[in-house]
Amino acid sequence: MLDDATIQRTLAAALRTGGDFAEVFVEDKRSSSAMLDDGRVEELSSGRDRGAGIRVVVGETTGFAHTADLSEEGLRAAAEAAAAAARSGGGGVREVALTRRDAPRPNGVEVLPETVAKGAKVELLRRADDAARSAGAAIRQVRARYGDSRRRILVANSEGVLAEDDQVRTLFVVSAVAVGDTGMQTGYESVGRTIGFELFDRYDVEQVARTAAERALTKLSARPAPSGTMPVVIGPGGGGVLFHEACGHGLEKDLVDKGASAFAGRLGEQVASPLVTLVDDGTMAEEWGCFAVDDEGTPAQRNVLIQDGVLTDYMWDVLRSRKAGRPVSGNGRRQSYQHLPMVRMTNTYLVAGQDDPDDIVASTERGVYVASLGGGQVNTASGDFVFGMTEAYLIEDGRITEPLREGNLIGNGPKVLRDIDAVGNDFAMGKPGTCGKDGQGVPVGDGVPTLRVRALTVGGTAA
Amino acid sequence: MRRPAGAGAAAGTRGGGSAAADAAPLEVADRVVAMAHDDEQLEAYVVRSTDTQVRVHGGEVEQLAVASSVGVGVRVVRDGRQGFASCGTVDPDAVAEAVAEARDNAAHGEPDEAAGLPEPDGVEPPALDLWHPGYAEVPLDDKVALALELERAVVGADRRITGVESCDYEDWRTEVAVCSTTGVRRSARETGGELVAWSLAGDGDDLQSGFGFSFGRSFDDLDVEAAARDAVERAVRMLGATKPPSARTTVVLDPWVTAQLLGVVAGMLAGDEVVKGRSPFAGRVGEEVASPRVTLVEDPTDPRHWGASPVDAEGRATRRVPLVTAGVLEGFVHSTWTARRMGAEPTGSAVRAGHASTPVAGCRAVSLVPGDADPARLVAGVDDGVLVHDVSGLHSGVNPVSGDLSTGAEGRRIRGGEPAEPLREFTIASTLPRLLRDVVAVGSDLTWLPAGAAGVTLVVADVTVSGA
């Protein structure tokens, strides 16, 4: 994307007035999307954003600037702006010897979406619309969205790191509205992988659409969710967001360092039920949160965060690893070249256990079975977190019975981790997600086997 | 926080990116419009922004960024088909590529009778005082000093404050232009600044956080003391909080909470959702949809609103739009397309998430008409209930189509008309249509917030609190 000599001169400009660390992050992102709504292909949309973000670190201060001008003059101006922002004092010249880092990409891409005719993308939308509408007369509205992106990045820093990545993601989302005596209900389903248009050789958009439509139809007969504290069983693949919120954010080292995490200072301690082994893994082929290198040029890694209930490690970025004198973990990510990197999750999952999923339900007298969770949010300081249930059922006498309307569940992260009393042997990855932190969104994945939390508060309205 | 992919972007920074950000947005937009072919309508939307972001921690500057960016969005309509493309630069080659892409995209859409760009409607944009040229002259050192002052004020205010998770200063100068082949040619600009602190309070194993902020159009509007006071109070008052028992009760919502719920209600009154049958309010104009105490207005022409703007995202003049008057639904907000589809008057309510998004109908400045009683009097009128200071998980627990509402919450118990012990780890649930009907009182404390809705204390009966 840039030649080595230009990168070296830009880093030199960034460090000209002193500085402990400098980095150039170059990004060229193309995206396209197509939307069908209300029975009509409304619009296709294309976007191109290209530029560089440059940071300079002096002591505890990071200066940052970005530019869409990738000429050498543009880069130098941004480097000088970043250096000035870092308010560097001394002076000096530093030569940076770059070493190209060849991290393996988790998987190849067979069909680059940019090579696919737009008509073929539109055709997927029409098929999805037909399939959703034929799922039942009560389906009144369907929205289908196709999206792809190709994000090429280059990262170089004053430690000599030089790394590139080419990330291709393809996504298909259907949401349906069903209308009945009880009003309107919605159903949602998505497929997304870090691959190209071959996504549609593996997944049938009609099936995606039918699943969305059936969810909406099922909810027409749903009753209000209960209110109060009870056992909650989460289905395979449906509930990775539980760990994302319950402890994932709290294990990000930036929040830990600022004393804003309930997990600060607890390395080596039993923080969860012995059934819990939690992993964050950026190398998982094709998953939504995978990549070859993170946005600081560190190769993706598999990191065990909790082993048999014992807290083994946090997630790290380059600056915090440097300070602690330890290896990086591959968790430095950013939304775009206009943003500074932060400690972020990749694909976060609970390792499968020994229990038979049917037994987990059968041994639950009364509670809630959540087949699919929606988004969530956490207060990392108190550890309190919420997450939405988009498909849930009542458990009565050890059997899954009636469907429930939507609502949030609330719990306390450290307590919920201890309250996990069953983990199934049926692991599955969940839906592609976008993790938001400090105003930046990055793609993430998650997965869980069937599991049970002894006590969670279900935020419905029924007694 | 996590949401499903494709379910709407997380909040982001403003604008796109470019070094060649010198040209005025109106000139750039004119140049793009000149690239239109005779047989098509073409609209250029250009945003240019210069931002300063300062984050301090432990008495030092942790991060400092100063950046300019510019982005261009191009909409092409031909034969009733619409296409869109964007680029984060004003580089002529990139802009030409975006125009060609938008044109090609239009060929793949499906025709719609209501498609088409707006034409000038003769309504003049209001003159709003949103641009303070003096802001550009404020030295960077003063901005850094203000952030450091805020951190000191928070940390030193109370021995139970254990630290500050983040303490940020941010300001921006943003200019927007919309020009089209149909004769629209408008621009708007604003300055703004914000101070935000996230504080941490601790007592033994108990760790709680809180936030405080101050915002304004000029540097002098920023009030360190007010931001620090809120940040300290919101964290400290949660120490020792416990989980309440489940019950159906009366809740008193903090203005901050009301504003967030109003944001969801405003979304349900957007033309696109109504046209497509996704709003529970569709077809109900003239009906009583809320308590008679509820009068809801969208008014971007009021400069006190954070979202105030003289023009909308299609270049129409904004206007005051009554949405609900004394509980009766009056109408919806419209973009050009939704107004045509519904045969309604345009309301100048097109909004965009940024240069890379197409315009849709949406509110940017809603507020409830305040009532007579101040918050203390409202609480005094509640014998047993819950004061809700904050909510979480609105994106995961509120469904604007079904109307189901369930959010995480924290606050205090109300006993005998007095705020009592702090509460946390509970949810409040109802449905949005029910919540609007169950409003018992609206406070007198209209509060301007950095959000698309202003806040006010709200008393709502018969809400389910789920706890222990």
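Yes/no per residue for (1) within 12 Å of another protein chain (Cβ to nearest Cβ); (2) surrounded by fewer than 22 Cβ atoms within 10 Å (Cβ to Cβ):
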residue	(1), (2)
A:V232	no, no
A:V241	yes, no
A:E245	yes, no
A:G250	yes, no
A:L255	yes, no
A:K258	yes, yes
A:A262	yes, no
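Considering only residues that are free of Cβ contacts under 8 Å to residues at least 40 places away in the same chain, at the interface with chain B (Cβ under 9 Å from one of its Cβ atoms) and of a type outside the set (D, E), which ones fall in the range A:3-49?
Within the range A:3-49, A:R40, A:S45, A:S46, A:G47, A:R48 qualify.
Could you give me the residue pairs with C-beta distances under 9 Å whose first residue belongs to the range B:229-243 and is modelled with pLDDT of 95 or more, whose second residue is of a type in the set (K, R) and assigned to a loop (DSSP other than H, G, I, E, B) wherever it lies, and which are 6+ apart or on separate chains?
B:V232/B:R160; B:A235/B:R160; B:V236/B:R160; B:L239/B:R160
Listed residues A:T380, A:T346; which is under 18 Å from A:Q440 (Cβ atoms), more than 11 Å from chain B (Cβ to nearest Cβ) and either modelled with pLDDT of 95 or more or surrounded by 23 or more Cβ atoms within 10 Å (Cβ to Cβ) (or both)?
A:T346
Condition first: buried (at least 20 other Cβ atoms within 10 Å of the Cβ), outside any loop (DSSP other than H, G, I, E, B), charged (D, E, K, R) and outside the structural domain of B:G88 (by TED's automatic domain parsing). Can you find one or more residues in the range B:373-389 that meet it?
Checked the range B:373-389: no residue is buried (at least 20 other Cβ atoms within 10 Å of the Cβ), outside any loop (DSSP other than H, G, I, E, B), charged (D, E, K, R) and outside the structural domain of B:G88 (by TED's automatic domain parsing).
Hey, any hits in the range A:397-412 for a residue that's farther than 14 Å from A:E245 by Cα, under 25 Å from the mean Cα position of the chain (by Cα), among the β-branched types (V, I, T) and not assigned by TED's automatic domain parsing to the domain that holds A:G147?
Checking the range A:397-412: not a single residue is farther than 14 Å from A:E245 by Cα, under 25 Å from the mean Cα position of the chain (by Cα), among the β-branched types (V, I, T) and not assigned by TED's automatic domain parsing to the domain that holds A:G147.
Among (1) under 28 Å from B:T174 (Cβ atoms); (2) surrounded by fewer than 21 Cβ atoms within 10 Å (Cβ to Cβ); (3) assigned by TED's automatic domain parsing to the domain that holds B:V442; (4) out of contact with any Pro (no Cβ under 7 Å at 6 or more places or on another chain), which single condition is B:G286 missing?
Of the numbered conditions (1) under 28 Å from B:T174 (Cβ atoms); (2) surrounded by fewer than 21 Cβ atoms within 10 Å (Cβ to Cβ); (3) assigned by TED's automatic domain parsing to the domain that holds B:V442; (4) out of contact with any Pro (no Cβ under 7 Å at 6 or more places or on another chain), the odd one out for B:G286 is (1).
Scan the range B:61-84 and tell me whether some residue there is crowded, with 21+ Cβ neighbours inside 10 Å, within 26 Å of the chain's Cα centre (by Cα), more than 8 Å from every other protein chain (Cβ to nearest Cβ) and modelled with pLDDT under 95.
Yes, the range B:61-84 contains a residue that is crowded, with 21+ Cβ neighbours inside 10 Å, within 26 Å of the chain's Cα centre (by Cα), more than 8 Å from every other protein chain (Cβ to nearest Cβ) and modelled with pLDDT under 95.
A quick yes/no check of all residues on (1) in the same structural domain as A:T194 (by TED's automatic domain parsing); (2) outside any helix (DSSP H, G or I); (3) of a type outside the set (A, V, I, L, M):
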site: A:A13; (1), (2), (3): no, no, no
site: A:G47; (1), (2), (3): no, yes, yes
site: A:G53; (1), (2), (3): no, yes, yes
site: A:V56; (1), (2), (3): no, yes, no
site: A:T62; (1), (2), (3): no, yes, yes
site: A:A83; (1), (2), (3): no, no, no
site: A:K121; (1), (2), (3): yes, no, yes
site: A:R126; (1), (2), (3): yes, no, yes
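Count, please, the residues in the range B:337-363 that happen to be within 10 Å of B:A313 (Cβ to Cβ), buried (at least 22 other Cβ atoms within 10 Å of the Cβ) and out of contact with any strand residue (DSSP E or B) (no Cβ under 6 Å at 6 or more places or on another chain).
Residues flagged as within 10 Å of B:A313 (Cβ to Cβ), buried (at least 22 other Cβ atoms within 10 Å of the Cβ) and out of contact with any strand residue (DSSP E or B) (no Cβ under 6 Å at 6 or more places or on another chain) within the range B:337-363 amount to 1.
Residues checked against (1) within 31 Å of the chain's Cα centre (by Cα); (2) more than 8 Å from chain B (Cβ to nearest Cβ); (3) within 19 Å of A:L15 (Cα to Cα); (4) surrounded by fewer than 18 Cβ atoms within 10 Å (Cβ to Cβ):
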{"position": "A:E60", "(1), (2), (3), (4)": "yes, no, yes, yes"}
{"position": "A:A83", "(1), (2), (3), (4)": "no, yes, yes, no"}
{"position": "A:L98", "(1), (2), (3), (4)": "yes, yes, yes, no"}
{"position": "A:D102", "(1), (2), (3), (4)": "yes, yes, no, yes"}
{"position": "A:V109", "(1), (2), (3), (4)": "yes, yes, no, no"}
{"position": "A:R133", "(1), (2), (3), (4)": "yes, yes, no, yes"}
{"position": "A:R145", "(1), (2), (3), (4)": "yes, no, no, no"}
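Within the range B:403-468, considering only strands (runs of 3 or more DSSP E) that don't extend past its boundaries, which have at least 1 residues that are of a type in the set (S, T, N, Q) and surrounded by fewer than 23 Cβ atoms within 10 Å (Cβ to Cβ)?
Ranges flagged: B:418-431.
Test of understanding: among B:A145, B:A107, which residue is within 10 Å of chain A (Cβ to nearest Cβ) and assigned to a helix (DSSP H, G or I)?
B:A107
The values are calculated or read from the model by the stated rules, or taken from the named source; none is laboratory data. Keep in mind it's a predicted model, so treat the numbers as computed, not measured. Don't worry about glycine lacking a Cβ; one is built from the backbone with ideal geometry, like all the others, and counts go over all protein chains shown.
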